[in-house]
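The values are calculated or read from the model by the stated rules, or taken from the named source; none is laboratory data. Given the structure is predicted, the values throughout are model-derived calculations rather than measurements. Glycine gets a Cβ as well: all are built from the backbone with ideal geometry, and neighbour counts include every protein chain shown.
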Amino acid sequence: MEQTYKEENRQKSLDVLVIGGGIVGTAVARELSRYTLTIGLVEAGSDLARKTTGANSGIIHAGYDAPAGSLMAKLNVQGNQMYPKLCRDLDIPFVQNGSLVLAFTQEDRKELQTLFSRGLQNGVEGLTILGGDEVRKREPHISQEVVEALYAPTAGVISPYEAAIAFAENAADNGAEFYLGHPVTSIKKTQTGFQVTAGDLELTCKVLINCAGFASDEISRMAGGESLAAQARKGEYILYDKAYGDFVNHVIFQPPSKMGKGILVTRTAEGNLLVGPSSETVYDPEDTATTQQGLDLVWNTARKSCPTLPAGGAITTFTGVRSVYGDDFYIRHSELAPGLIQTAGICSPGLTAAPAIAKMIAALTGDLLALEEKAEFQETREGIPVFSAMSWEEREALIRQDPAYARMVCRCETVTEGQIRRALHSPIPVWTVDGVKRRVRAGMGRCQGSFCTPRVMEIIEEETGIPFCEITKNGKGSELIVGKLKDTNGGASHDSKH
Amino acid sequence: MELICILCPRGCHLQAELRDGQVVVSGNSCPRGERYGQEELTHPVRTVTSSVYVANGKGKMLSVKTNRPVAKESIPMVLEALADLQVAAPIRVGDVILGDVAGTGADIVATRNVPIV
Amino acid sequence: MIRNIDTVIIGGGPAGLAAACACYDAGVRDVYILERDENLGGILQQCIHNGFGLQWFKEELTGPEYAQRFIDEVEKRSIPYMVNTMVLEITPDKKVYCVNPDEGVCIFQCKSIVLAMGCRERVRGNLKIPGMRPAGVYSAGLAQRLVNLEGAMPGKEVVILGSGDIGLIMARRMKWEGADVKMVCEIMPYSSGLARNIQQCLRDNGIPLKLNTTVVAIHGKQRVEGVTIAKVDENRKPIPETQEYVPCDTLLLSVGLLPENELSRGINIQMDPVTGGPKVDENRQTSVPGIFACGNVLHVHDIVDFVSKESVIAGKGAAAYCQNRGTEAVSGGVSLNPGENVRYIVPQKLVQAEACSLYFRVGSPLGAGRIILRADGEELAAKRFIRAVPGEMEELPISLEVAEKLMSAKDVVLSAEVSR
């Protein structure tokens, strides 16, 4: 079990327990926190959004990909329409820059037509087909081979983990409780619901919502539910320095294939350039290693869209693993374990669909519990100030409130000590270097933490009391240092003579 | 014997040979190189640098060095002597932290100013 | 509030300190140093090993001692400085925007600026090293800071990729602190570090240097558990049959340094794609009049003594600019072009006929030969060398007479020609 620095009340009686702190679990917690329910969310990892949500393309899809009538199609389009307001309300960085699906051949053009009419059926607004020259006018780095592109103005980019954190913090502000670093080890059916053991926590609930991603199958089995064994699909990415953030303006797709939406080129919500993902079926959903072949494939394929894609300029590479369960999202009441609501196979467009999935799960919850809206529901959340995005006047005002905002810690992303201290006292506190990084971007830039890591660790030590030597990257086992210097030599000390 | 002179960043590649009880050095570009070659074959020496914990000073560590090169084989003893060392601020560059470290005749001296906080 | 200052020096490391003193000594009394860290001295503060200063001070010093000598010079002149101060923006009309916890937002209107921000290390992502992303993968400089300034051991079983000087120094440092330093892998057929460091850091301590070898995968979910290394072919592509698993808990990277020019790029200073720093003239003036650059922000130096030397030039240049003797003709002058075996030259151009030195690096290790400076085909200056390696900076002094001839030339080329 993960060591948290906060004292926990070891026993909890809840109306609803959500298992899993990814984008779906956090969106569900936020949606349910509108109602007069006691809600808890338990997460095995040391932070929210560590798995599938933490490593994906970050695209808010328009909704032309999934077949008409599917849950994916419906929830994608609904989710897409919900995000602009959600991002305003919850202070989530979101850029609605539109997407282009490129056609290189006559065959591809037919595919665009299919996507176009599917989009119309699904209710996607604003779709148009652009000629090759028009595409190149909008995107100077696009290949000369492109003959046409499907333009979807409603697509955009978001930071997926920031979205999950924002959902969760808003839920916490509205009374939901979060237990990070608590893997569920047993679930017992009781007369009124379930009794869940998660580390040293004993949680009882009336309704259990399974948003555990790859662990959904295991959770379901513990609770006496159906088998939800999903396939793991791995995708590798290359992330570039912000200096390349304006290399493309839109989210650039190639025509989709059986393995997914193909390798895209996009700016991220924070202004980096991102290319990927590859798509490979793997046995181990924990296999987040990048490979030479995967990265080469990503780069070579992306160059088909943008032949001048720079060879240098990458600042990191990463792998995300998504869960595929049949052809569609699986969201329903468990038949074998009444009171359990199941989700599985929330792969792309799961991020886009998440707020709509949450609405759907709230409705399912309503089948089991009376939902009564809280008068005091707080719809908005204020994020941590983003110093780098402020005007000089705003910076001055902020520093006047707290000089810690004038102490630069991460020079690459312009992150101040004030922001880091705020992150460590978030509504859902974190205590890891990666947790800080995901909230304020310290260490997310071109030097990847080479300069700021020791200072971030010191601030964590000061704010949480965790000794410097025990601070982790992302939870137990990922300690950044192995001990103090000369530890092995005992502690006899001499005073200096001078 | 092939040597690289460590006395300056130039890093001359030296040839040092024992001939009739005398070390003959070639490949050096200065007299210091010749001396280095001779020493390296007879009694090699090194300057040891390290850092030790400092109490109530600005910063956690004090950087130190031996004030003259010590015999290469005594380096482990010097490091061991440093392992137990903790000093108190204030300290100025050149302050002797530990005299005659590990019987080498060299002193451990501070290489940084550490004011009290 | 905007403060008027003659010359602001951005960066209080060795470059900034030397530039500030030189600027002051040239008659500009209104000099101000801005330093982002809490102490002056820059990266030298964590370079606790010896080997600095032989050229400048004619004695061997450690990094902190070298820094302290220059800090003392700054104090002696009462040159004001502000630490914990991060410059976030500069403008072409030479305003400097920075933040400091005591002063808040500060804006300086300067007559001239010296850029001395130093460099950063290349990281894993720059090389796209495949594998997992556990704790335990650090740049050598980060490990150096942890060990020397924080008193923290980053790991016990260490593999080092890249034979840059910081990597070699850290191999010895960690070994001396009790770590098992298993090897240093270098993808090239030669080391990029100084020969003396191969001797005193690796050979002295029995640490193998594996040339033509790289890390092809990093293993471990939470903390590094091992790396896979492989030999590379002549195109630096890993050879799969040579793969070998090396258990370790730490991978240190010493794979090159990159000048930190985000501020320079912000005002579109012309850059040299090879050095990664601004293009400068013999006064170290950039393409923006009144803005000078020196030290590792200009090009990565092998030894700090050269940084000090270069920074004196920049400091003087910045002073002259303040005193209205500035060379406005930054667009004119004669370009110096790297020829055979020469990777880059600093300065990139000359704007006035003055005696000066050209600094350059060769592209690959060379045996004995000659450095030759030619103007329109005519040999104007030359120097012999016994050997030259990419890791070491070379210098060619230019006399006033030669400089005068260069000024009227169309095509100036510097080459390193190996004797046949």
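Look at the range A:452-479 and say how many of its residues are in contact with a strand residue (DSSP E or B) (Cβ under 7 Å, 6 or more places away or on another chain) and either modelled with pLDDT under 95 or in a helix (DSSP H, G or I) (or both). The qualifying residues number 5. The sole residue among C:283, C:261 that is more than 14 Å from chain B (Cβ to nearest Cβ) and surrounded by fewer than 22 Cβ atoms within 10 Å (Cβ to Cβ) is C:261.
Across the range C:161-189, which residue is nearest to the chain's Cα centre (by Cα) among those that are part of a loop (DSSP other than H, G, I, E, B) and among the charged types (D, E, K, R)? Please lay out each step first, then the result.
At the first step, the residues of the range C:161-189 found to be part of a loop (DSSP other than H, G, I, E, B) are C:162-164, C:177-179, C:186-189.
Checking the rest, the ones that are also among the charged types (D, E, K, R) come to C:177, C:186.
Details: C:177: 27, C:186: 20 Å.
Among residues in the range C:161-189 that are part of a loop (DSSP other than H, G, I, E, B) and among the charged types (D, E, K, R), the one nearest to the chain's Cα centre (by Cα) is C:186.
Among strands (runs of 3 or more DSSP E) entirely within the range B:8-117, having at least 3 residues that are closer than 29 Å to residue A:454 by Cβ and not aliphatic (A, V, I, L, M) singles out B:49-55, B:61-66.
Where strands (runs of 3 or more DSSP E) fall wholly inside the range A:186-257, the ranges with 3 or more residues that are not aliphatic (A, V, I, L, M) are A:194-198, A:201-210, A:231-240. With respect to (1) surrounded by fewer than 21 Cβ atoms within 10 Å (Cβ to Cβ); (2) in contact (Cβ under 8 Å) with a residue 24 or more places away in the chain; (3) within 8 Å of chain C (Cβ to nearest Cβ), the lone exception for residue A:469 is condition (2). How many residues does the range C:115-134 hold that are under 13 Å from residue C:35 (Cβ atoms) and in contact with a Cys (Cβ under 8 Å, 6 or more places away or on another chain)? So the count comes out to 1. The set of residues in the range A:382-410 that are farther than 27 Å from residue A:465 by Cβ and in a loop (DSSP other than H, G, I, E, B) comprises A:386, A:390, A:391. With respect to the conditions (1) under 21 Å from the mean Cα position of the chain (by Cα); (2) surrounded by 22 or more Cβ atoms within 10 Å (Cβ to Cβ), residue B:96 lacks only one, and its number is (2). Looking across the range A:264-289, the residues that are touching a Lys or Arg at 6+ places or on another chain (Cβ under 8 Å) and either surrounded by fewer than 16 Cβ atoms within 10 Å (Cβ to Cβ) or farther than 18 Å from residue A:323 by Cβ (or both) come down to A:270, A:271, A:272, A:273, A:274, A:281, A:282, A:286, A:287. The residues of the range A:446-465 that are touching a residue at least 12 places away in the same chain (Cβ under 8 Å) and within 10 Å of chain C (Cβ to nearest Cβ), listed by number, are A:446, A:447, A:448, A:449, A:451, A:452, A:453, A:455, A:457. Within the range C:89-104, the set of residues being in contact with a strand residue (DSSP E or B) (Cβ under 7 Å, 6 or more places away or on another chain), free of Cβ contacts under 8 Å to residues at least 40 places away in the same chain and closer than 22 Å to residue C:292 by Cβ comprises C:97 only.
Taking the conditions exactly as written (surrounded by 23 or more Cβ atoms within 10 Å (Cβ to Cβ), under 25 Å from residue C:271 (Cα atoms) and at pLDDT 95 or above), does residue C:112 satisfy them or not? So residue C:112 passes the test.
Report yes if some residue within the range C:209-231 is modelled with pLDDT of 95 or more and within 14 Å of chain B (Cβ to nearest Cβ); otherwise report no. The answer is yes; a qualifying residue exists. Can you find a residue that is surrounded by fewer than 19 Cβ atoms within 10 Å (Cβ to Cβ), in contact (Cβ under 8 Å) with a residue 12 or more places away in the chain, touching a Lys or Arg at 6+ places or on another chain (Cβ under 9 Å) and in the same structural domain as residue A:13 (by TED's automatic domain parsing) anywhere in the range A:176-184? No, because not a single residue in the range A:176-184 is surrounded by fewer than 19 Cβ atoms within 10 Å (Cβ to Cβ), in contact (Cβ under 8 Å) with a residue 12 or more places away in the chain, touching a Lys or Arg at 6+ places or on another chain (Cβ under 9 Å) and in the same structural domain as residue A:13 (by TED's automatic domain parsing).
Within the range C:134-151, work out how many residues are facing another protein chain (nearest Cβ under 7 Å), out of contact with any Leu (no Cβ under 6 Å at 6 or more places or on another chain) and either surrounded by 22 or more Cβ atoms within 10 Å (Cβ to Cβ) or assigned to a helix (DSSP H, G or I) (or both). Final tally of qualifying residues: 7. Among residues of the range A:385-414 that are within 8 Å of chain C (Cβ to nearest Cβ) and farther than 17 Å from residue C:87 by Cα, those with a Cβ under 9 angstrom from a residue that is outside any loop (DSSP other than H, G, I, E, B) and not charged (D, E, K, R), sequence gap 6+ or separate chain, pair up as A:400/C:104.
Looking only at the range C:264-274, filter to residues that are of a type in the set (Val, Ile, Thr) and surrounded by fewer than 21 Cβ atoms within 10 Å (Cβ to Cβ); which one of those is nearest to residue C:345 (Cα to Cα)? This residue is C:274.
Take the conditions touching a residue at least 24 places away in the same chain (Cβ under 8 Å) and either touching a helix residue (DSSP H, G or I) at 6+ places or on another chain (Cβ under 6 Å) or surrounded by fewer than 19 Cβ atoms within 10 Å (Cβ to Cβ) (or both) and apply them to residue B:30. Does it pass? Criteria not met by residue B:30. A single member of B:109, B:117, B:78, B:101 is modelled with pLDDT under 95, more than 9 Å from every other protein chain (Cβ to nearest Cβ) and out of contact with any Pro (no Cβ under 9 Å at 6 or more places or on another chain), and it is B:117.
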